[in-house]
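To start, the structure itself, in C-alpha cells.
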Amino acid sequence: MKTMPLYDIARSVAENAAKGPIFDEKIPERTKHKPVDFLGFSLHSRIGVAAGPLLNAKWVSLASQLGWDLLIYRTIRNRLHLGFPPPNIVYVERMGDHRVKILAEPPLSLADCSVTVSFDSPSPSQLELLEDINKAKGALQKGQVLVVPVVGDSVNDFVSAALLAKEAGAHIIEANYTSFYMSSDQVFEYTRKLSAALGTVPLIVKVGHFANHAQMEQILIAAAKGGAQALSGILPVPMEVVNDKGQCAFGEKRKTAGIAGGTIRPTALHFVRDAARIIQKEKLELTLLGCGGILLPAHFDLFFEAGADVALSGTGFLWDPYLASKYHG
Ligand SMILES: Cc1cc2nc3c(=O)[nH]c(=O)nc-3n(C[C@H](O)[C@H](O)[C@H](O)COP(=O)(O)O)c2cc1C
C-alpha cells in the first residue's frame, strides 16, 4: 500500500491528537466548484471527512487545505473520557459475515484496506473543547462547514454535549446513535430533545446498517419526525475480531469491534440506496450523507449514484490524504 497514513496506529488517540497529523507533503491547489446548499450552508463540494479522524483543530485545518469541504470533528462527550487504550486501529481481513482476522501488515492495495475502530469515543474536557472547536472553525476556508458529533450515556448527556458544541461555534451537530439506532422510540425521543435544544442549528442523525427494511423505514420516519434535518450512515459494522489462532484479538472484554474501510463498502452502498428510496417514498425532509469504504476517487461517485447528497471518508482520509484532491481532479 503506497500511501502515507496520517495517524500512527501504534500510538494512543491522545498522542495522535498532540503530535499528529503526520504530513509534510505539498498542499494541492484548491479547485473551483459550483457550491451546493447543505442544510442552509453553502458547501464548496459534496465531499467530507467522516466522524472520528479529525482529532482537533490541527487535523481540521489540514483536511480543509487538502480539499475536504465538510469537516466532521471527532465525536465529543459532555465530559473528559479516556476511552480504550491502543490498539484501536488494526488492519483486518474479512473471514465471514460477522468475523474478521487481524493482519500483521497493511494490505497490498488501499482498496482492500479495512480496519478496526475500537475507541469507546474518548473525549477531551469541556474547557479544551470550547477552545479547540472554536479554533477549528477559524481554520475553515470559504464554502467549508464544521460538524461536531456528540455521544453520551443519557439524553441529558447528548443535549449538554450538543449545547457545548453549539456554544463553541459548530455549524451543525451530529448525534451518534451507535448504541440504540435500531430503537425507533429512542431515536425519536433523543432527536426531539436535541433538536428542541439546538433551535436553528441543524441536526444530523448517524446510524448503522439495518438487516430489516421495515425497521429501517420506522427509524428514518422517527428521525425526521423528531426534527433531524439529515441522516448519516453507516457507522462501523460490529464484528468479532480474532487473531491467527482464532482467539479474541483484543481480549475477552473486547470481543467485537466496529469495522470500517473496504470490507463494509457493499453494506454502506446498500444502506444509502435503501435510505434514498425510503426518503423519497415517505417524502421525508432528510439530506443523506453516506460513508463506508470510500478509499479511491471513483468510490465517491458510487455513493452519489446510490443517492447520497454528500459522501464522506474516514479510513480513506487517514490512508490517502490526497483522496479528496484526486477526486476533485
Ligand atoms: C479512526 C476512526 C475513528 C472513528 N471514530 C468515530 C467516531 O468517533 N464517531 C463516529 O460516529 N464514527 C467514527 N468512525 C466511523 C466513521 O465515521 C465511519 O462511519 C466509518 O468508519 C465508515 O467509513 P470509512 O469506511 O470511510 O472509514 C471512525 C472511523 C475511523 C476510521
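If we count other beta carbons within 10 Å of each Cβ, what is the order of TYR91, TYR322, fewest first?
Details: TYR91 20, TYR322 15.
Going from least to most buried by this count: TYR322, TYR91.
What is the spread of the Cα atoms of segment 35-328 along each of their three principal axes, largest first, in whole Å?
That works out to 52, 42, 38 Å along the principal axes.
Of the candidates ASP301, ASP37, ASP97, which one comes out as most mobile in a Gaussian network treatment of the chain with C-alpha springs shorter than 10 Å?
Its mean-square fluctuation being the largest, the pick is ASP97.
Could you work out how far apart the two model spin labels at ASP301 and LYS253 are, taking each label as a point 7 Å from the Cα in the direction of the beta carbon, and quote it in nm?
The two pseudo-label positions are separated by 4.8 nm.
Output ³J(HN,Hα) for segment 132-141: one whole-Hz value per residue in order, computed from phi by the Karplus curve 6.51 cos²θ - 1.76 cosθ + 1.60 with θ = phi - 60°, and x for Gly and Pro.
Whole-Hz 3J(HN,Hα) from phi for segment 132-141: 6, 5, 4, 5, 4, 4, x, 7, 6, 9.
Amide H to amide H, which residues 5 or more places from LEU54 or on other chains are under 5 Å from it, using H placed in the peptide plane?
Close amide H contacts, sequence-distant or interchain: ARG74.
Mean residue ellipticity at 222 nm from the helices of the chain, using -39,500 (n - 2.57) per DSSP H segment of n ≥ 4 over the full residue count, to the nearest 500 deg cm²/dmol?
On the way: 10 runs with 110 residues, N = 329.
That comes out to -10000 deg cm²/dmol.
Step through the residues of segment 66-75 one at a time and calculate ³J(HN,Hα) from phi using the Karplus curve (6.51 cos²θ - 1.76 cosθ + 1.60, θ = phi - 60°), rounding each to whole Hz and writing x for Gly and Pro.
7, x, 8, 9, 9, 9, 9, 5, 4, 6
We did not get these values from a lab; they are worked out from the coordinates using the rules stated. Quick caveat: nothing in here was measured; it's all calculated off a predicted structure. Glycine gets a Cβ as well: all are built from the backbone with ideal geometry, and neighbour counts include every protein chain shown.
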